[in-house]
Amino acid sequence: MFKKLVYILPLILLTSCSSWVYKPTPKEHLSKERIALAKSFVEEFIHKCENRDYTPIVGFNLDINLNASLQKEEEFKKTCEKHVAKYGKVVVGDYHSAITPNTPRDYADFIVFNMTSEKKDSLKYMAVMLYRDKDYIAGFTSQKIPAPKLKLKLK
């Protein structure tokens, strides 16, 4: 009996907390400018990759890690080639939603757009992560569901 409880209790705890991973972004952190900024960044990235223009993306506040991978021509070329090989032609659609990871460090939002991909029909959403501090762009990902996967960094 005790063994069964040991296996069942963590499962119940995990499933009961799974809906708390994301919450809707508060209205004070969401504006048309932030949505336009996120969409224009993704469209700029896709446009540069499709045209094989590997010059650095300018005009956006980028996170240090993202900036490092997009400022070097060799790194940008690798990233673009992977993106085009994996997804083909990508079209970013309209705004879908905005969500915030439900963590104690409430510092970023995901702006989610509808998308279509030439090679992967299962991918329906493009999520762009924006820090609230000065709207720095931390990255973007393509997903099957509107909520992107959180990557926890344990130190």
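Could you tally the net charge around Thr25, taking each other residue with its Cβ under 11 Å from the Cβ of Thr25, Lys/Arg +1 and Asp/Glu -1? Before the final figure, lay out each step's value.
Numbers: positive: Lys23, Lys27, Arg34, Arg132; negative: Glu28, Asp106, Asp109.
Net local charge, Thr25 excluded: +1.
Taking Rh as the Kirkwood radius, which is the inverse of the mean 1/r over Cα pairs, what is the Rg/Rh value for the stretch 22-143? Each step should come with its number before you reach the end.
Details: Rg = 14.2 Å, Rh = 14.8 Å.
Rg divided by Rh gives 0.96.
Net charge near Cys49: determine it from the other residues with C-beta under 14 Å of the C-beta of Cys49, scoring Lys and Arg +1 and Asp and Glu -1. So the surrounding residues net to 0.
Which FRET efficiency, nearest 0.05, do Glu28 and Asn114 yield, Cβ-Cβ r, R0 25 Å? In this case the efficiency is close to 0.50. Exceedance of the 29 Å cut-off in Cα-Cα distance is limited, within the set Lys39/Lys72; Lys39/Lys77; Lys32/Lys144; Lys27/Lys48; Lys78/Lys119, to Lys27/Lys48.
For the stretch 84-90, 3J(HN,Hα) computed residue by residue from phi via the Karplus equation (6.51, -1.76, 1.60; θ = phi - 60°) reads 5, 5, 7, 10, x, 6, 10 Hz, glycine and proline entered as x.
In order along the stretch 116-127, the Karplus-derived 3J(HN,Hα) couplings, from 6.51 cos²θ - 1.76 cosθ + 1.60 at θ = phi - 60°, round to 10, 10, 5, 9, 10, 6, 6, 7, 10, 9, 10, 10 Hz, and Gly and Pro are given as x.
Counting other Cβ atoms within 10 Å as a rough exposure proxy, the listed residues Met126, Met115 run Met115, Met126 from fewest neighbours to most.
Other residues lying with their Cβ under 14 Å from the Cβ of Lys77 contribute a combined charge of -1, Lys and Arg counting +1, Asp and Glu -1.
FYI, it's all coordinate maths here, none of it is from the lab. All of these numbers come straight from a predicted model, not from anything done at the bench. Cβ coordinates were reconstructed from backbone atoms using ideal geometry, including for glycine residues, and neighbour counts include every protein chain displayed.
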